[in-house]
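Remarks on the structure that follows.
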Amino acid sequence: MVTPGSRVLDVGCGDGELLALLAETRNVDARGIELSRTGVAGCVARGLSVIQGDADTDLADYPDDSFDYVILSQTIQATRNPRLVLEHMLRIGRRAIVSFPNFGHWRMRSQVFFRGQMPVTDSLPYAWWDTPNIHFCTIRDFVSLCDAVGAEKERAVALDAAGGKVGVSAPWWFWNLFGAQAVFLLKRG
């Protein structure tokens, strides 16, 4: 989804694994923002340009159209204000790429239905009392958020738990039920 040679900001970049991959394989101008000191230290050790910051508060400081792509990988569910974060991403970048675990996946639904407990899966491995995730959403919920902020969905894929593409062309309800996670490429509408 990322064009070679582009300017990329990875929000919540963790230890910089994705940024390093994009820099090596796509020759991008890779920048990152990460909340944890450990993550920032890991990025700096890789030679990446990353600053410590909070997606909920610090994206407001970036000028419009600063990047070609702003990426939020497996992080939107951990932000305090997902709508504001997405609006800033679409303002800062020409395109936004968002990936997240799908709380509507059939395994999560069945854990709640049959066990009566909050689900614990490979993509959501935390118990309810120690999770950093505060806004669980489904693929359908995220599509509603995109519509609410006027984001145009250029491309979207549903993935299985291992990150493999759910290889069928299907309506949203199917992805919402069988996609363990999703990736969306968005632009301002």
Once amide H atoms are placed 1.01 Å from N in the peptide plane, what residues at a sequence separation of 5 or more from Phe100, or on another chain, have their amide H within under 5 Å of its amide H? Gln74, Ala182
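Would you mind telling me the share, in percent, of accessible area of the chain contributed by carbon and sulfur at probe 1.4 angstrom?
The nonpolar share, carbon plus sulfur, comes to 53 percent.
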Under DSSP loop assignment and at most 14 Cβ neighbours within 10 Å, longest chymotrypsin sites (Phe, Trp or Tyr not before Pro)-free interval of the chain: 1-125
Run the dipole for the range 1-87 about the Cα centre, Lys and Arg Cβ at +1, Asp and Glu Cβ at -1, nothing else charged, and hand back the magnitude in debye, nearest 20. 200
Residues of the range 52-173: accessible area per residue with a 1.4 Å probe, Å²: 54
In the chain, taking the dipole from +1 charges on Lys and Arg beta carbons and -1 charges on Asp and Glu beta carbons about the Cα centre, the listed residue (Ala127, Leu159, Leu9) farthest towards the positive end is Leu159
To the nearest 20 debye, what is the magnitude of the charge dipole of the range 51-91 about its Cα centre, counting +1 on the Cβ of each Lys and Arg and -1 on the Cβ of each Asp and Glu? 220
How much length would be gained if the chain were fully extended between Ala127 and Ala41, taking 0.36 nm per residue of separation minus their Cα-Cα distance, in nm to one decimal? 28.3 nm
Would you be so kind as to identify which of Phe174, Val149, Ser66 lies farthest towards the positive end of the dipole of the chain, taking Lys and Arg as +1 and Asp and Glu as -1 on Cβ and the Cα centre as origin? Phe174
Test of understanding: given the chain, find the longest segment containing no trypsin sites (Lys or Arg not before Pro) that are in a DSSP loop and have at most 16 other Cβ atoms within 10 Å. 81-189
In order over the range 34-44: 3J(HN,Hα) from phi, Karplus 6.51/-1.76/1.60, θ = phi - 60°, whole Hz, x for each Gly or Pro, gives 9, 6, 7, 5, 4, x, 4, 4, x, 5, 4
Assigned charges on the beta-carbon of Lys, Arg, Asp, Glu; the chain dipole about Cα centre (debye): 520
Distance between the range 1-56 and the range 96-156 - C-alpha centres, whole angstrom: 24
Against the longest principal axis of the chain, how steep is helix 17-26, in degrees 0 to 90 to the nearest 10, with axes from Cα atoms? 60
Computed, not fitted: 222 nm per-residue ellipticity of the chain from DSSP H runs ≥ 4 (each -39500 (n - 2.57)), nearest 500, equal to -8000 deg cm²/dmol
Counting DSSP beta bridges with both partners in the chain, what percentage is antiparallel, nearest 5? 45
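The values are calculated or read from the model by the stated rules, or taken from the named source; none is laboratory data. The model shown is predicted, which means the values in this text are computed figures rather than measured ones. Cβ: placed from backbone, ideal geometry, glycine included. Neighbour counts: every protein chain shown. Just the protein is used for accessible areas: all its heavy atoms, side chains included, with ligands, DNA and RNA removed. Shrake-Rupley method; radii C 1.70, N 1.55, O 1.52, S 1.80 Å.
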